[in-house]
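Working notes, structure below.
The values are calculated or read from the model by the stated rules, or taken from the named source; none is laboratory data. Small disclaimer: the values here were computed from a predicted structure and weren't measured. Using ideal geometry, Cβ is built from the backbone for each residue, glycine included, and neighbour counts are taken over all protein chains shown. Surface areas here come from the heavy atoms of the whole protein model, side chains and all, with no ligands, DNA or RNA. Shrake-Rupley method; radii C 1.70, N 1.55, O 1.52, S 1.80 Å.
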Amino acid sequence: MDKINLSALNLDEINDLIKPLGASSFRARQIFNWVYLKSAKSIDDMTDLSKSFRDELNKIATITTSTIKRKQTSKDGTIKYLIEYADGECVETVLMRFDNRANLTACVSSQVGCCVNCKFCATGKRGFIRNLTSSEIIEQVLTIQRDTGLKVTNIVFMGQGEPLLNLDNVLKAIDFINTNLVVSQRRITVSTSGIIPKIRELADKNLQITLALSLHAPNSTIRKTLMQIENRYSMDELKKALKYYNDVTGRRITIEYLLIKDINDKTEHAKEVAQYLHDIKCNVNLIPYNPVDETGFKRPNGDDIMKFKCILEHSGKKVTIRLERGADIDAACGQLRGKVV
Ligand code: SAH
Ligand code: SF4
């Protein structure tokens, strides 16, 4: 018989699991705290349970079914994990810390591979393999906490995969993380390439999470050359969905804009972006392109980045430039492949 994975159970489920062992709900709470709040690495770590009870529990349960297949640490402190699930498939999860901030941000994956296949992204090159289950998503956060002994404070769904094409499992994971790992919705961001019907569906849930939209182009013609998804869900329709999201949730959207040298980084592009966004409640996050071998794209120069930022700021938007993290270990945005090579 396969052992039960404790890392996927809520308090009631742990209770149900241990009742046949004659254990009280107080024991269930202890186990729950070890798994989610104290990041125990094994059942034997649960030292306030008797040795004989731990032995019984070990026979029917395990603390996790995933393993760290590889771990790389960047010069800037970013850690990239390659996590292997029970069926042998792997995804990458990145832990980012920023000097002088107490935040620990986990960048989690939602799918193995991705079917959207954007030109600039390493994940897309692999094609789509499968969706992650909600517990496989949660396991990524738990893996980081177990390995570092630290508490993750912020979560961004910006690893591999298109979260809105696995929305049910992503929402289940968010709900679980919110209640059991005590990370508030306000500290969770979901990034999408623009799956319009799912943006509307998410709006109707009226959550407190932040929606981030990968725009990456000033107009439909350029967007089509970078993102095939523009053929299915055009910028015109996207705009209506973004406004709907603003109206229903009252929340500001984060617009992600990848700056690629000579493709979408010039002042005329910035003006077009400003015009497109003028009636959308949003902040803009500029992402200087991180090199991915086979694409041929280049990072823009600093001067063009600053001009682009200025134009958007003058249009009244709050603009930030995304700090590059972990590029020396291919952990920066768009560089995740989910493979050992
Ligand atoms: N699939 C979702 C979330 C994962 S990607 C999405 O596309 O939004 C997270 C962000 O990294 C997206 O904005 C994505 O477009 C961006 N990205 C992809 N490749 C990149 C690269 N080579 N350099 C910088 N950012 C990249
Ligand atoms: Fe998929 Fe996002 Fe990469 Fe596009 S950028 S291929 S949607 S992971």
Portion, in percent, of the accessible area of the chain that falls on carbon or sulfur, probe 1.4 Å = 49 percent
For region 79-113, which trypsin sites (Lys or Arg not before Pro) are both in a DSSP coil and crowded by at most 13 other Cβ atoms within 10 Å?
-> R101
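Can you list which of the GluC sites (Glu not before Pro) found in region 237-298 are DSSP loop residues with at most 10 other C-beta atoms within 10 Å?
none
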Using the Cα centre as the reference, give the magnitude of the dipole from point charges on the C-beta atoms of the chain (Lys, Arg: +1; Asp, Glu: -1; all else neutral), rounded to the nearest 20 debye.
-> 520 debye
Long-range HN-HN contacts of G194 with modeled amide H, under 5 Å | S214
Which of G316, H269, S110, positive extreme of dipole for the chain (C-beta unit charges) | G316
Nearest 5 is fine: what % of DSSP beta bridges in the chain come out antiparallel, could you say?
-> 40 percent
Cβ under 14 Å from V182's Cβ, V182 left aside: what net charge do those residues give with Lys, Arg +1 and Asp, Glu -1?
-> +3
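Work out, step by step, the length gained on full extension between F26 and K298: first 0.36 nm times the residue separation, then minus their alpha carbon distance; give nm to one decimal.
92.2 nm
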Result for region 4-62: accessible area per residue, probe 1.4 angstrom, in square angstrom, of 50 Å²
Compactness of region 1-137 as Cα Rg over 2.2 N^0.38 Å, two decimals | 1.27
So what's the chain giving for Cα Rg divided by 2.2 N^0.38 Å, two decimals?
-> 1.06
When the chain is treated as a Gaussian network with springs between alpha carbons less than 10 Å apart, the largest mean-square fluctuation among D87, D247, D175 is found at D87
Using helices alone, what [θ] at 222 nm do you get for the chain, with -39,500 (n - 2.57) per DSSP H run of 4 or more residues, divided over all residues and rounded to the nearest 500?
-> -10000 deg cm²/dmol
Check cross-link reach from K69 to the lysines: straight Cα distance under 24 Å, and skip same-chain residues fewer than eight apart.
-> K3, K38, K41, K80, K125, K151, K339
With every protein chain kept in place and a 1.4 Å probe, region 135-206 has an accessible area per residue in Å² of 33 Å²
Candidates G127, G316, G159; GNM for the chain (alpha-carbon contacts under 10 Å) flags as most fluctuating G316
Over 14 Å, how big is the tail of the calculated P(r) for region 4-62, in percent of all Cα pairs?
-> 47 percent
What is the Cα coordinate range of region 88-229 on the first, second and third principal axes, sorted by size from largest, in whole angstrom?
-> 46, 35, 33
Rounded to the nearest 10 Å², the accessible area of T221 using a 1.4 Å probe with every protein chain kept is 100 Å²
